[in-house]
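**Q** One structure, as structure tokens, below. Some questions next.
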């Protein structure tokens, strides 16, 4: 359902500059590809060049962002935060699929399952004993919910996500397909030439507003809980080992691994393919840069890089120094020769 | 069903040298383990030593490959390309399982699904609304196909692969179990101390002849498409983020991660556990070596290594230099002492 | 069901020191969090400080471990191996869920499936043709078992684990959710500008007492088998490529990748996010440290670190040297100046 430019501007609290207020907007697109009937955004001057040729009907742009050569067919939508306005516009024009109250006949619900109002349970979903599911939550086809699991309100569990027994999930949590929450932690004691399994009898507790990516694994605690704090966002293919305490609003990017019994402070960022050894504390707001391997604690607010990870500035200095190293080897060889020459001369002088 | 050596040679366009043309061949094996009734190949002189003791009935070998001490019981199968001839032989002797037209009674097909002739749909597969599936495609047990997905001809989707809504898949595409195609990209804006999700309303478009490994994730575009070009092959546990444009015949090995909005040129190779930062362009035919981390563009045809990745020759020189670094530290210490001595002497001389 | 301290001590072969033998023990917990009614352990003097304030009723502790200030309410449970005694206690107090003989009506069993006594098969499990399942094995909901698969006794296959055709699994094997066993190896030959697939017609053979983590992938052999030896333990999100021969009691931690045709010796340890290039041999008991990338053979009993991986001591020396490198550059610059000065002076002297 298209809406008029005027309606869109009002919905997003933007001021129209130029263009045609009654033009119809059908969808949103990037500035590099937006066509007639689409709205876009310009928030980075790197992309300013695209605006001249753009066929987009409208473009969200900051109040103070100066831009030349806006086509006559394009309205600028001036606002204080064009990124957030554009998110509103995208959500309006491309609404998420909604699910009503439904329990598929092919779903299996074990004994004593408590399902609130307006819950959707898809085909082949398996809901274990003593599970409770809060209102407006959506359990898509084939999701597996183990025994004694609690799921809050407005959650969305995608197909073939697996929630092992005893996991506790807050409200507004999204868990993508293939994510495995609550599998056994990786703990063994080596005795008599074999690895003896340490029972993994804890659980996983996920707070509100968490999103967990596809094929990510979060292991249950050996004893006690592995916890994920409110608002944390975890990308695909991330490994979170047992008994980690992940704070609030933490970001973990794809292919990152956190061993076990770590504390990840609020607002910390673990960039892609980074890794954290066990029993490490990452301070609040710290950034572990991509592909870094952290073996010791990282102070709050600092940024670390490399493997083993060091303070970013130190690591960068070392990287620069390494790039000069082949040259340095030659220099030192030359110095050795010169000193030898000087020593000889000095000897002759004596 | 065994076939005679003669039949195998004819099928693979090879010339028989020695052996018994009516010997029966049952299966194929590596040269290190092939037994009576088996055919093998020898394409690398490193393995020439195995031929003397081999019990294999036949061995594919290049026309000009010289080899001693071939057992009387072994026929050489001379041909111009023994690797390709051997692939033909393996395919003949170990035929892939075939699937006829079938829709399992336990499968769920939502409204308006278009299924071409000779399509197989296994038990517990879920096929969403408005899906079309081309002829001879095989949807194995438990595969999940979201709404509006298009699947071409002769595709094979393995159990518990998940295709989110709106994904477009070409012909002859293979998607292994646990692969998640079209989950949300990892995009957030940080406002008022929380991470606000950027709606991920694009899709994934996969061209013909692509193979996608087990548990690999390919995220949908935020807006627009994440694309995988014709003939590209992606290994297991690979992360392809949103809005990447992957070219034709690209190779991505296991545990590799590509952040987002990257362009990967045709014929590029991303070796195992490598990683690409966002908005990077990898040129045509470029090679990112194993475990390398790429933060900037890589020129076509070049090879890069390390993290941060550099031109392979530069990186190797630096590696050699690093191995000399502990020694260099000692040398410089010695030079310092010598210079101190020279300075003293010079002072005395004055 | 709680038990008395006396019963617990007897069960675990420990001697009670202090406390109340008839106190009831309900569960186990870490020393940092144990409460009334719980048993804990103290095996690391780093945690000795916690005992003073602990409310735990009992604490396993080594016979010779000295500790002060034990609360009156806490019994020490003296034994020779408190870690193993604690494992026994945890297993007793938190018994694993047991499964009786059952085949869910929603499971699909193809032709010629052989199911031993006391096997459990959950809802939506798919069991292919000619499969055999040994007694007391548990196939949980939605697990997919391909054709011709053999599963031994006392195995546990978690939801949505996928076992491709022809895989052979020993006794007491645990396979977690999302693990994909036997998908095609990643093998292609490049001809006429395309990647031609090498048929992957081998299988995977898993010996007894192996545990395989969530979302881990173990590819089938191209020809012959990929093998995992007795007692080996593989963490989550690990990639084991085709034709690898993994020995006995090997440990592979999360996000590790082993390319293909490697030999991993008994008792080797591949730490987190490590990677092994193809055709490499890792010797018995060798340790590949976290995030290391191994391109060549590693001798038995050695430890390697880095990427490219080197002997640990060499790698550490180089790391120390690198940290001194920025300083070294300055030193050499100073030396150059001093030598220039000396050379000038020498010239003047002449």
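**Q** I need the full set of residues from the range B:171-186 which are surrounded by fewer than 24 Cβ atoms within 10 Å (Cβ to Cβ) and either touching a helix residue (DSSP H, G or I) at 6+ places or on another chain (Cβ under 8 Å) or not in a loop (DSSP other than H, G, I, E, B) (or both), in order please.
**A** B:174
**Q** Considering the range C:141-154 alone, what residues qualify as being surrounded by fewer than 24 Cβ atoms within 10 Å (Cβ to Cβ) and assigned to a loop (DSSP other than H, G, I, E, B)?
**A** Of everything in the range C:141-154, those that are surrounded by fewer than 24 Cβ atoms within 10 Å (Cβ to Cβ) and assigned to a loop (DSSP other than H, G, I, E, B) turn out to be C:147, C:148, C:152, C:153, C:154.
Per-residue answers, yes or no, for (1) in contact with a strand residue (DSSP E or B) (Cβ under 9 Å, 6 or more places away or on another chain); (2) surrounded by fewer than 18 Cβ atoms within 10 Å (Cβ to Cβ); (3) assigned to a loop (DSSP other than H, G, I, E, B):
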{"position": "A:267", "(1), (2), (3)": "yes, no, yes"}
{"position": "A:278", "(1), (2), (3)": "yes, yes, yes"}
{"position": "A:308", "(1), (2), (3)": "yes, no, yes"}
{"position": "A:313", "(1), (2), (3)": "yes, yes, no"}
{"position": "A:320", "(1), (2), (3)": "no, yes, no"}
{"position": "A:330", "(1), (2), (3)": "no, yes, no"}
{"position": "A:334", "(1), (2), (3)": "no, yes, no"}
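**Q** Can you tell me which residues in the range C:99-125 are out of contact with any strand residue (DSSP E or B) (no Cβ under 8 Å at 6 or more places or on another chain) and either more than 25 Å from residue A:107 (Cβ to Cβ) or surrounded by 15 or more Cβ atoms within 10 Å (Cβ to Cβ) (or both)?
**A** Across the range C:99-125, the qualifying residues are C:111, C:112, C:117, C:118.
**Q** Taking only the range A:248-263 into account, find how many residues are crowded, with 24+ Cβ neighbours inside 10 Å and outside any loop (DSSP other than H, G, I, E, B).
**A** Qualifying residue count for the region: 3.
**Q** Surrounded by fewer than 16 Cβ atoms within 10 Å (Cβ to Cβ) and either within 32 Å of the chain's Cα centre (by Cα) or part of a strand (DSSP E or B) (or both): does that describe residue A:10?
**A** yes
**Q** Would you mind stating whether residue A:283 is over 21 Å from residue A:164 (Cβ atoms), surrounded by fewer than 24 Cβ atoms within 10 Å (Cβ to Cβ) and more than 8 Å from chain C (Cβ to nearest Cβ)?
**A** It is true that residue A:283 is over 21 Å from residue A:164 (Cβ atoms), surrounded by fewer than 24 Cβ atoms within 10 Å (Cβ to Cβ) and more than 8 Å from chain C (Cβ to nearest Cβ).
**Q** Can you pull out the residues in the range C:126-138 that are within 14 Å of chain B (Cβ to nearest Cβ) and either closer than 13 Å to residue C:171 by Cβ or surrounded by 22 or more Cβ atoms within 10 Å (Cβ to Cβ) (or both)?
**A** C:126, C:127, C:128, C:131
**Q** Sticking with this one: Quick check: anything in the range C:109-126 modelled with pLDDT under 95 and either touching a helix residue (DSSP H, G or I) at 6+ places or on another chain (Cβ under 8 Å) or not assigned by TED's automatic domain parsing to the domain that holds residue C:42 (or both)?
**A** No, every residue in the range C:109-126 fails to be modelled with pLDDT under 95 and either touching a helix residue (DSSP H, G or I) at 6+ places or on another chain (Cβ under 8 Å) or not assigned by TED's automatic domain parsing to the domain that holds residue C:42 (or both).
**Q** Taking the range C:204-221, which residues are surrounded by fewer than 23 Cβ atoms within 10 Å (Cβ to Cβ) and more than 8 Å from every other protein chain (Cβ to nearest Cβ)?
**A** Residues satisfying the conditions are C:205, C:207, C:208.
**Q** Residues being at the interface with another protein chain (Cβ under 7 Å from one of its Cβ atoms) and either at pLDDT below 95 or more than 27 Å from the chain's Cα centre (by Cα) (or both): count how many of those fall in the range A:161-192.
**A** Number of matching residues: 3.
**Q** Which condition from (1) within 11 Å of chain C (Cβ to nearest Cβ); (2) surrounded by fewer than 22 Cβ atoms within 10 Å (Cβ to Cβ) is the one that residue B:238 breaks?
**A** (2)
**Q** I've got another one for you. If residue C:195 satisfies every condition in (1) within 8 Å of chain B (Cβ to nearest Cβ); (2) closer than 26 Å to residue B:172 by Cβ; (3) buried (at least 24 other Cβ atoms within 10 Å of the Cβ) but one, which is the exception?
**A** (3)
**Q** Out of all the residues in the range A:290-306, which are assigned to a loop (DSSP other than H, G, I, E, B), without any contact (Cβ under 8 Å) to a residue 24 or more places away in the chain, in contact with a strand residue (DSSP E or B) (Cβ under 7 Å, 6 or more places away or on another chain) and buried (at least 20 other Cβ atoms within 10 Å of the Cβ)?
**A** Of everything in the range A:290-306, those that are assigned to a loop (DSSP other than H, G, I, E, B), without any contact (Cβ under 8 Å) to a residue 24 or more places away in the chain, in contact with a strand residue (DSSP E or B) (Cβ under 7 Å, 6 or more places away or on another chain) and buried (at least 20 other Cβ atoms within 10 Å of the Cβ) turn out to be A:291, A:292.
**Q** Kindly provide the set of residues from the range C:332-350 that are more than 9 Å from chain A (Cβ to nearest Cβ) and either within 15 Å of residue A:314 (Cβ to Cβ) or touching a helix residue (DSSP H, G or I) at 6+ places or on another chain (Cβ under 6 Å) (or both), ordered by number.
**A** Of everything in the range C:332-350, those that are more than 9 Å from chain A (Cβ to nearest Cβ) and either within 15 Å of residue A:314 (Cβ to Cβ) or touching a helix residue (DSSP H, G or I) at 6+ places or on another chain (Cβ under 6 Å) (or both) turn out to be C:338, C:345.
The values are calculated or read from the model by the stated rules, or taken from the named source; none is laboratory data. None of these values were measured; they are calculated from a predicted model. Counting neighbours? That spans all protein chains shown, and the Cβs are built from the backbone with ideal geometry, glycine included.
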